[in-house]
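Undergrad: Take a look at this one; I'll ask things after.
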Amino acid sequence: MAHYSYPAAPDLETVRDFVNTVHYEQGEVDEQLATPEALAAFLAERGLLAGGTSVKPADLRRALDVREALRALAGANNGEPVDPEAVELLNRTAARARLAAGFGTDGSSQIAPAAAGVDGALGSMLATVLRAMGEGTWSRMKACGNPDCRWVFNDASKNQSARWCEMASCGNRMKARRFRERARQAAER
């Protein structure tokens with residue numbers, strides 16, 4: 001299924017691309033980061049990891065956990081309760097990446113990881129999320145309200161009311177599902 005999402009700032013698009021490296025579609029799973037090499041290639045292509053950096057299976061497991069924690073955080077932007085385990089995992093990842101605030105000689109501020117490798121790459125993405133939260137743009141990153149999809153999209157609607165990654169597919173499925181549920185409940189009365 002093709003998903004459409006309005007583009008966000010480039011760094012935030014990288015985070016969205018990372019979260020969407022797995023696609024859940026009606027019970028099917030399409031995993032793009034199935035190997036440490038695939039993770040290394042993804043991170044290197046986006047300038048988050050030096051080419052040739054060794055990525056171990058433990059790095060991949062950690063990255064996939066961070067990916068799902070970010071998806072849960074985006075789900076909270078779509079009305080889901082905040083997952084305390086996801087928040088704790090993201091906090092541990094930020095600590096492991098040694099995220100630090102700093103000031104530039106031009107008077108600007110930055111949040112950046114002191115760690116290198118996969119920890120630094122994950123820290124760079126978390127720094128992007130923290131900046132987006134501060135700027136108020138993170139709230140537009142939402143996980144699709146269809147539990148069979150969970151694709152993360154940038155809600156560019158004026159009032160930030162989009163619930164699904166794509167109305168033509170997920171939106172229609174969810175509306176049909178709710179209609180069938182109401183009809184079933186009415187028949188049981």
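Throughout, read-outs are computed from the coordinates displayed, never taken from laboratory work. Predicted model only: the values in this text are computed from it and were never measured. Methodologically, a virtual Cβ is constructed for each residue, glycine included, from the backbone with ideal geometry; neighbour enumeration extends over all protein chains shown.
Undergrad: For a quick check: with amide H placed at 1.01 Å from N, whose amide H comes under 5 Å from Leu99's, ignoring anything fewer than 5 positions away on the same chain?
TA: When sequence neighbours closer than 5 places are left aside, the close amide H contacts are Ala114.
Undergrad: When ranked by the protection proxy of mean other Cβ atoms within 10 Å per residue, highest first, what sequence do the peptides 81-87, 110-116, 17-23, 123-129 form? Before the final figure, lay out the partial values.
TA: Details: 81-87: 12.6, 110-116: 15.4, 17-23: 19.0, 123-129: 23.0.
Result, highest mean Cβ count within 10 Å first: 123-129, 17-23, 110-116, 81-87.
Undergrad: Let me ask something else. Based on the Cβ-Cβ distance from Ala100 to Asn159, what FRET efficiency comes out when R0 is 45 Å, to the nearest 0.05? Please report the intermediate quantities before stating the final value.
TA: Details: r = 36 Å, r/R0 = 0.80.
E between Ala100 and Asn159, to the nearest 0.05, is 0.80.
Undergrad: Report Rg(Cα)/(2.2 N^0.38 Å) for region 10-188, keeping two decimals.
TA: On the way: Rg = 18.1 Å, N = 179, 2.2 N^0.38 = 15.8 Å.
Cα Rg divided by the expected 2.2 N^0.38 Å: 1.15.
Undergrad: Related question: Once amide H atoms are placed 1.01 Å from N in the peptide plane, what residues at a sequence separation of 5 or more from Asn146, or on another chain, have their amide H within under 5 Å of its amide H?
TA: Here the answer is Cys165, since their amide H atoms fall under 5 Å of that of Asn146.
Undergrad: Still on this structure, please answer the following. Return the sequence-ordered ³J(HN,Hα) values of region 18-23 in whole Hz as given by the Karplus equation 6.51 cos²θ - 1.76 cosθ + 1.60 applied to θ = phi - 60°, using x for Gly and Pro.
TA: Karplus-based 3J(HN,Hα) across region 18-23 equals 4, 5, 8, 6, 10, 10 Hz.
Undergrad: Follow-up question, since we're still on this one. Give me the number: length gained by fully extending Thr53 to Glu68, i.e. 0.36 nm times residue separation minus the C-alpha to C-alpha distance, one decimal in nm. Walk me through the intermediate numbers first.
TA: Working: separation 15, 0.36 × 15 = 5.40 nm, distance 2.33 nm.
Here the segment from Thr53 to Glu68 would lengthen by 3.1 nm.
Undergrad: So, one more: Could you list the residues of region 65-87 with an amide nitrogen less than 13 Å from a label point located 7 Å from the Cα of Val29 in the Cα-to-C-beta direction?
TA: 65, 68
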